[in-house]
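The values are calculated or read from the model by the stated rules, or taken from the named source; none is laboratory data. All values derive from a computational prediction rather than experimental measurement. As a convention, Cβ positions derive from the backbone with ideal geometry for all residues, glycine included, and neighbour counts pool all protein chains shown. Heavy atoms of the whole protein, side chains included, go into the accessibility calculation; ligands, DNA and RNA do not. Shrake-Rupley method; radii C 1.70, N 1.55, O 1.52, S 1.80 Å.
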Amino acid sequence: LILAEPGIRVWVGPGYGTSATVLVVLAAANALASPVRALGNILIGSGKLPVMCAIRGAEVTVNLTLSVVLGLAIGPVGVAVGTLAGIVLVLLPGYMVAGCRATGIPVVRFLRRAVAPNVLPAAASAGVLLALRPVAHDSIPLLVVATLAGFATYLPIYFAVGATPGERLRAIAFVTRPLPSRWRRPAVPMSTVAASEERP
(Lines give C-alpha, C1' and ligand atoms only; values in the text may rest on other atoms or scores of the structure.)
Protein backbone atom coordinates (compact mmCIF):
# COMPACT_ATOMS: atom_id res chain seq x y z
CA LEU A 1 0.00 0.00 0.00
CA ILE A 2 2.67 2.48 1.04
CA LEU A 3 5.36 1.62 -1.49
CA ALA A 4 3.07 1.01 -4.48
CA GLU A 5 3.55 4.44 -6.03
CA PRO A 6 7.34 4.61 -5.44
CA GLY A 7 7.66 1.04 -6.70
CA ILE A 8 5.84 1.73 -9.96
CA ARG A 9 7.73 5.01 -10.39
CA VAL A 10 11.24 3.54 -10.08
CA TRP A 11 10.29 0.43 -12.08
CA VAL A 12 8.64 1.94 -15.18
CA GLY A 13 8.79 5.70 -14.71
CA PRO A 14 6.55 8.55 -13.48
CA GLY A 15 3.86 8.26 -16.16
CA TYR A 16 1.98 5.34 -14.64
CA GLY A 17 0.06 6.90 -11.77
CA THR A 18 -3.09 4.91 -12.59
CA SER A 19 -1.16 1.64 -12.31
CA ALA A 20 0.09 2.70 -8.87
CA THR A 21 -3.47 3.42 -7.72
CA VAL A 22 -4.64 0.03 -9.02
CA LEU A 23 -1.79 -1.62 -7.13
CA VAL A 24 -2.76 0.18 -3.91
CA VAL A 25 -6.36 -1.03 -4.19
CA LEU A 26 -5.32 -4.62 -4.98
CA ALA A 27 -2.82 -4.57 -2.10
CA ALA A 28 -5.62 -3.50 0.22
CA ALA A 29 -7.80 -6.34 -1.09
CA ASN A 30 -4.99 -8.83 -0.52
CA ALA A 31 -4.35 -7.55 3.00
CA LEU A 32 -8.03 -7.76 3.97
CA ALA A 33 -8.36 -11.29 2.57
CA SER A 34 -5.27 -12.64 4.34
CA PRO A 35 -6.79 -13.13 7.84
CA VAL A 36 -9.48 -15.48 6.51
CA ARG A 37 -7.46 -17.57 4.03
CA ALA A 38 -6.80 -20.21 6.68
CA LEU A 39 -10.53 -20.31 7.45
CA GLY A 40 -11.19 -21.01 3.78
CA ASN A 41 -8.82 -23.99 3.96
CA ILE A 42 -10.62 -25.18 7.08
CA LEU A 43 -13.96 -25.02 5.27
CA ILE A 44 -12.53 -27.20 2.50
CA GLY A 45 -11.00 -29.68 4.95
CA SER A 46 -14.16 -29.97 7.00
CA GLY A 47 -16.30 -30.74 3.96
CA LYS A 48 -18.20 -27.43 3.98
CA LEU A 49 -17.93 -27.11 0.22
CA PRO A 50 -21.55 -25.97 -0.40
CA VAL A 51 -21.06 -23.10 2.06
CA MET A 52 -17.70 -22.20 0.58
CA CYS A 53 -19.04 -22.33 -2.98
CA ALA A 54 -21.96 -20.11 -2.00
CA ILE A 55 -19.61 -17.54 -0.49
CA ARG A 56 -17.26 -17.59 -3.47
CA GLY A 57 -20.17 -17.44 -5.90
CA ALA A 58 -21.55 -14.37 -4.15
CA GLU A 59 -18.08 -12.79 -4.11
CA VAL A 60 -17.61 -13.39 -7.85
CA THR A 61 -21.05 -11.91 -8.56
CA VAL A 62 -20.30 -8.75 -6.58
CA ASN A 63 -16.78 -8.53 -7.99
CA LEU A 64 -17.85 -8.95 -11.61
CA THR A 65 -20.84 -6.63 -11.38
CA LEU A 66 -19.00 -3.78 -9.68
CA SER A 67 -15.87 -4.28 -11.79
CA VAL A 68 -17.87 -3.86 -14.99
CA VAL A 69 -19.91 -0.90 -13.73
CA LEU A 70 -17.00 0.92 -12.08
CA GLY A 71 -14.60 -0.02 -14.88
CA LEU A 72 -16.86 1.67 -17.41
CA ALA A 73 -17.25 4.67 -15.13
CA ILE A 74 -13.69 5.31 -13.91
CA GLY A 75 -11.43 2.87 -15.76
CA PRO A 76 -8.91 0.32 -14.43
CA VAL A 77 -9.11 1.63 -10.87
CA GLY A 78 -12.82 0.81 -10.90
CA VAL A 79 -12.06 -2.81 -11.81
CA ALA A 80 -9.67 -3.04 -8.85
CA VAL A 81 -12.29 -1.47 -6.57
CA GLY A 82 -14.75 -4.14 -7.72
CA THR A 83 -12.28 -6.81 -6.58
CA LEU A 84 -11.87 -5.04 -3.24
CA ALA A 85 -15.64 -4.77 -2.81
CA GLY A 86 -16.14 -8.50 -3.37
CA ILE A 87 -13.66 -9.24 -0.59
CA VAL A 88 -14.94 -6.63 1.87
CA LEU A 89 -18.65 -7.22 1.33
CA VAL A 90 -18.71 -11.00 0.88
CA LEU A 91 -15.50 -13.00 1.28
CA LEU A 92 -14.23 -11.45 4.52
CA PRO A 93 -17.46 -11.64 6.56
CA GLY A 94 -18.58 -14.89 4.92
CA TYR A 95 -15.39 -16.83 5.58
CA MET A 96 -15.06 -15.35 9.05
CA VAL A 97 -18.55 -16.37 10.17
CA ALA A 98 -18.65 -19.76 8.41
CA GLY A 99 -15.04 -20.63 9.29
CA CYS A 100 -15.43 -19.71 12.94
CA ARG A 101 -18.65 -21.71 13.10
CA ALA A 102 -16.89 -24.73 11.55
CA THR A 103 -14.08 -24.56 14.13
CA GLY A 104 -16.23 -23.63 17.10
CA ILE A 105 -14.23 -20.45 17.69
CA PRO A 106 -16.22 -17.27 18.39
CA VAL A 107 -15.54 -14.48 15.91
CA VAL A 108 -14.38 -12.16 18.71
CA ARG A 109 -11.80 -14.72 19.85
CA PHE A 110 -10.62 -15.19 16.27
CA LEU A 111 -10.12 -11.46 15.89
CA ARG A 112 -8.32 -11.26 19.22
CA ARG A 113 -5.94 -14.15 18.47
CA ALA A 114 -5.37 -13.91 14.73
CA VAL A 115 -5.78 -10.21 13.91
CA ALA A 116 -5.10 -8.09 16.98
CA PRO A 117 -1.51 -9.36 17.57
CA ASN A 118 -0.54 -7.99 14.14
CA VAL A 119 -1.91 -4.47 14.61
CA LEU A 120 0.99 -2.93 16.57
CA PRO A 121 3.74 -4.49 14.39
CA ALA A 122 1.89 -3.43 11.24
CA ALA A 123 1.48 0.12 12.53
CA ALA A 124 5.17 0.36 13.42
CA SER A 125 6.19 -1.06 10.04
CA ALA A 126 3.86 1.38 8.28
CA GLY A 127 5.47 4.27 10.16
CA VAL A 128 8.94 3.22 9.02
CA LEU A 129 7.77 2.78 5.42
CA LEU A 130 6.08 6.18 5.42
CA ALA A 131 9.27 7.78 6.71
CA LEU A 132 11.34 6.04 3.99
CA ARG A 133 8.81 6.55 1.19
CA PRO A 134 10.46 9.73 -0.18
CA VAL A 135 13.80 7.91 -0.37
CA ALA A 136 12.23 4.90 -2.09
CA HIS A 137 11.36 7.10 -5.09
CA ASP A 138 15.02 7.47 -6.03
CA SER A 139 16.13 3.99 -7.13
CA ILE A 140 15.29 0.30 -7.02
CA PRO A 141 18.07 -0.46 -4.47
CA LEU A 142 16.67 2.20 -2.12
CA LEU A 143 13.17 0.80 -2.65
CA VAL A 144 14.49 -2.63 -1.64
CA VAL A 145 16.17 -1.11 1.44
CA ALA A 146 12.90 0.54 2.46
CA THR A 147 11.03 -2.73 2.01
CA LEU A 148 13.57 -4.65 4.10
CA ALA A 149 13.36 -1.97 6.79
CA GLY A 150 9.61 -2.56 6.95
CA PHE A 151 10.15 -6.30 7.42
CA ALA A 152 12.92 -5.68 9.95
CA THR A 153 10.53 -3.50 11.97
CA TYR A 154 7.54 -5.81 11.78
CA LEU A 155 9.10 -9.14 12.73
CA PRO A 156 10.88 -8.24 16.00
CA ILE A 157 7.87 -6.32 17.30
CA TYR A 158 5.52 -9.17 16.40
CA PHE A 159 7.66 -11.76 18.17
CA ALA A 160 8.09 -9.42 21.15
CA VAL A 161 4.46 -8.48 21.73
CA GLY A 162 2.18 -10.52 19.45
CA ALA A 163 3.52 -14.04 19.06
CA THR A 164 2.47 -16.97 21.20
CA PRO A 165 5.19 -18.72 23.24
CA GLY A 166 5.06 -21.61 20.77
CA GLU A 167 5.69 -19.26 17.84
CA ARG A 168 8.65 -17.76 19.67
CA LEU A 169 10.12 -21.22 20.29
CA ARG A 170 9.77 -22.15 16.62
CA ALA A 171 11.33 -18.83 15.54
CA ILE A 172 14.31 -19.34 17.84
CA ALA A 173 14.74 -22.90 16.55
CA PHE A 174 14.67 -21.65 12.95
CA VAL A 175 17.16 -18.82 13.55
CA THR A 176 19.59 -21.01 15.52
CA ARG A 177 19.40 -24.01 13.16
CA PRO A 178 22.66 -23.14 11.31
CA LEU A 179 24.55 -22.88 14.62
CA PRO A 180 26.52 -25.77 16.13
CA SER A 181 24.28 -27.99 18.22
CA ARG A 182 26.02 -27.05 21.48
CA TRP A 183 24.97 -23.41 20.95
CA ARG A 184 21.32 -24.13 20.28
CA ARG A 185 18.55 -24.20 22.83
CA PRO A 186 17.50 -27.69 23.90
CA ALA A 187 14.73 -29.19 21.79
CA VAL A 188 11.26 -28.52 23.15
CA PRO A 189 8.67 -31.33 22.96
CA MET A 190 5.78 -30.62 20.60
CA SER A 191 3.34 -31.13 23.45
CA THR A 192 4.97 -28.24 25.26
CA VAL A 193 4.79 -26.06 22.14
CA ALA A 194 1.13 -26.91 21.62
CA ALA A 195 0.30 -26.14 25.25
CA SER A 196 2.00 -22.77 24.93
CA GLU A 197 -0.05 -21.71 21.89
CA GLU A 198 -2.90 -20.31 23.98
CA ARG A 199 -2.83 -16.52 23.79
CA PRO A 200 -3.56 -14.62 27.00
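Summary of values
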| read-out | value |
| --- | --- |
| Accessible surface of the chain, 1.4 Å probe, proportion on carbon and sulfur as whole % | 72 |
| Lys, Arg +1 and Asp, Glu -1 on Cβ, resulting dipole of the range 22-162 about Cα centre, debye, nearest 20 | 480 |
| Theoretical FRET efficiency, 1/(1+(r/R0)^6), r = Cβ-Cβ of Val161 and Leu72, R0 41 Å, to 0.05 | 0.35 |
| Relative contact order (percent, whole number), the chain, Cα cutoff 8 Å, 6+ residue spacing | 21 |
| Volume of the Cα convex hull of the range 75-140, divided per residue and given in Å³ | 131 |
| Percent RCO, i.e. relative contact order, over the range 22-89, from Cα pairs under 8 Å lying at least 6 residues apart | 41 |
| Rg in Å to one decimal, and Dmax rounded to a whole Å, for the chain via C-alpha atoms | 20.5, 65 |
| Shape category assigned to the range 4-91 from the gyration tensor of Cα positions, a/c cut at 1.5 | oblate |
| Neighbourhood charge, 15 Å Cβ-Cβ cut-off, centred on Leu23 and excluding it, Lys, Arg +1 and Asp, Glu -1 | +1 |
| Average accessible area per residue (Å²) across the range 84-144 - probe 1.4 Å, nucleic acids and ligands excluded | 53 |
| Per-residue [θ]222 nm for the chain (sum of -39500 (n - 2.57) over DSSP H runs n ≥ 4, rounded to 500) | -22500 deg cm²/dmol |
